[in-house]
Amino acid sequence: MAQIFCVANQKGGVGKTTTSVNLAAGLAKIGQRVLLVDLDPQGNATMGSGVDKRALEASLYEVLVDATPVAQARVRAERLEASGCAYDVLGANRELAGAELEMVEMENRERLLKTALKAVDADYDFVLIDCPPSLSLLTLNGLCAAHGVIVPMQCEYFALEGLTDLVNTIKQVHANLNKDLKIIGLLRVMFDPRITLQQQVSEQLKDHFGDKVFNTVIPRNVRLAEAPSYGLPGVVFDPASKGAQAFVTFATEMVDRAKNPANAVTA
Ligand code: ADP
Ligand code: MG
């Protein structure tokens with residue numbers, strides 16, 4: 001059975017897509033079968049995996065709105081094949097923005113993605129869902145389909161307050177729609193240990209959330225920021241960089257947690 005995780009945070013620019021593509025590539029690198037679902041109409045995770053969002057024959061839009069099977073709409077991130085980091089992509093583009101309106105009228109509108117993913121469950125060890133920066137019906141579909149949420153966050157002054165909305169949404173979804181859903185963990189990203197405030201917030205996070213803070217810390221690293229313009233995850237673009245190495249370590253941490261229920265963090 002695949003472990004299905006949303007990468008979510010209602011703020012934009014906090015590293016959701018960077019986390020999604022690099023965790024996908026990192027997991028593939030250590031031998032895991034991965035599907036990356038791009039739930040953001042911006043299609044950044046699609047492009048960042050080397051898949052042209054404008055050339056998709058079918059995308060997540062058709063899966064949600066026309067019930068096209070995932071097996072038909074998914075594509076292989078072929079450019080990552082040579083590095084041994086390839087995974088499958090269920091891509092997105094601007095069309096997906098229109099899906100939201102069309103879905104409102106549909107039966108079981110929160111569970112369309114969950115239903116669609118059931119048919120490919122046996123094909124993967126991990127399904128990662130890159131969420132848009134909102135708590136929309138699309139994000140709700142991600143949260144209903146998932147076993148858990150990975151929350152990337154920067155260690156900034158208002159970091160804790162910013163989490164409240166997301167935590168409340170996750171609690172509501174847990175109570176009403178998906179009793180499996182839990183926060184798997186908070187991932188500290190774009191971390192700069194030279195900045196005292198970041199260290200302080202990082203300590204606060206650990207005090208507050210304990211084991212729910214992942215051990216791995218993702219440093220601020222320019223190679224991770226450059227990689228998307230080459231249509232590659234940082235893990236493939238510059239495997240020797242500190243950022244790439246951190247994401248492979250994070251992939252290992254995720255596999256350990258998934259394998260060993262004693263390490264798994266519960267809601
Ligand atoms: P989101 O998906 O949450 O909007 P992104 O993953 O697109 O956020 O990241 C926002 C910006 O920050 C992008 O330009 C990305 O390249 C950059 N970025 C993300 N993580 C890092 C990092 N660890 N080091 C340096 N730049 C980063
Ligand atoms: Mg994004």
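The values are calculated or read from the model by the stated rules, or taken from the named source; none is laboratory data. Note that this is a predicted model, so its numbers are computed, not measured. Cβ: placed from backbone, ideal geometry, glycine included. Neighbour counts: every protein chain shown. Accessible surface is based on the protein model in full, side chains and every heavy atom, while ligands, DNA and RNA are left aside. Shrake-Rupley method; radii C 1.70, N 1.55, O 1.52, S 1.80 Å.
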Here are some residues: GLU110, GLU78, GLU105, GLU57. Which one is surrounded by 13 or more Cβ atoms within 10 Å (Cβ to Cβ) and more than 16 Å from ligand 1 (Cβ to nearest atom)?
GLU110
Test result for THR196, away from ligand 1 (no atom under 16 Å from the Cβ), surrounded by fewer than 18 Cβ atoms within 10 Å (Cβ to Cβ), of a type in the set (Val, Ile, Thr) and under 28 Å from VAL65 (Cα atoms):
no
May I ask you to list the residues in the range 164-192 that are within 16 Å of ligand 1 (Cβ to nearest atom) and touching a strand residue (DSSP E or B) at 6+ places or on another chain (Cβ under 8 Å)?
LEU166, LEU186, LEU187, ARG188, VAL189, MET190, PHE191, ASP192
Pairs where the first residue, in the range 169-194, is under 30 Å from GLN245 (Cβ atoms) and the second is of a type in the set (Phe, Trp, Tyr) and within 16 Å of ligand 2 (Cβ to nearest atom), C-beta under 9 Å, 6+ apart
ILE184/PHE5
Restricting to the range 81-102, and then to whatever is acidic (Asp, Glu) and more than 21 Å from HIS147 (Cα to Cα), can you tell me which residue is least open to solvent (accessible area, probe 1.4 Å)?
GLU100
In the range 158-202, which residues are at pLDDT 95 or above and acidic (Asp, Glu)?
ASP192
What do you reckon, is VAL63 touching a residue at least 60 places away in the same chain (Cβ under 8 Å) and either outside any helix (DSSP H, G or I) or over 23 Å from VAL222 (Cα atoms) (or both)?
no
Out of VAL213, VAL235, report the one residue that is surrounded by 14 or more Cβ atoms within 10 Å (Cβ to Cβ), more than 23 Å from ASN141 (Cα to Cα) and touching a Cys at 6+ places or on another chain (Cβ under 8 Å).
VAL235
Out of all the residues in the range 144-157, is one or more away from ligand 1 (no atom under 16 Å from the Cβ), open to solvent by less than 40 Å² (accessible area, probe 1.4 Å), modelled with pLDDT under 95 and over 29 Å from GLY91 (Cβ atoms)?
no
Is the range 7-17 home to any residue that is more than 15 Å from VAL75 (Cα to Cα) and hydroxyl-bearing (Ser, Thr, Tyr)?
yes
Consider only pairs whose beta carbons are under 7 Å apart and that are at least six residues apart or on different chains; among these, list those whose first residue lies in the range 34-50 and is over 13 Å from ARG76 (Cα atoms) and whose second residue is of a type in the set (D, E, K, R) and more than 11 Å from ligand 2 (Cβ to nearest atom).
PRO41/ARG94; GLY43/LYS53
Exactly one of these conditions fails for THR68: (1) of a type in the set (Val, Ile, Thr); (2) away from ligand 2 (no atom under 16 Å from the Cβ); (3) closer than 25 Å to GLY148 by Cβ; (4) in a loop (DSSP other than H, G, I, E, B). Give me its number.
(3)
Cβ-Cβ under 7 Å pairs, at least 6 apart or on other chains, the range 13-28 side under 15 Å from THR139 (Cβ atoms), far side assigned to a helix (DSSP H, G or I) and near ligand 1 (Cβ under 7 Å from one of its atoms):
THR17/ASN44
Yes or no: the range 219-238 includes at least one residue that is touching a helix residue (DSSP H, G or I) at 6+ places or on another chain (Cβ under 9 Å) and farther than 29 Å from LYS53 by Cα.
no
Taking the stated definitions as given, is ASN9 closer than 25 Å to LEU135 by Cβ, within 12 Å of ligand 1 (Cβ to nearest atom) and surrounded by fewer than 23 Cβ atoms within 10 Å (Cβ to Cβ)?
no
Residues located in the range 33-54, provided they are open to solvent by less than 20 Å² (accessible area, probe 1.4 Å) and in a loop (DSSP other than H, G, I, E, B):
LEU39, ASP40, GLY43, GLY48, SER49, VAL51
Against the condition modelled with pLDDT of 95 or more and away from ligand 2 (no atom under 13 Å from the Cβ), how does ALA25 come out, does it pass?
yes
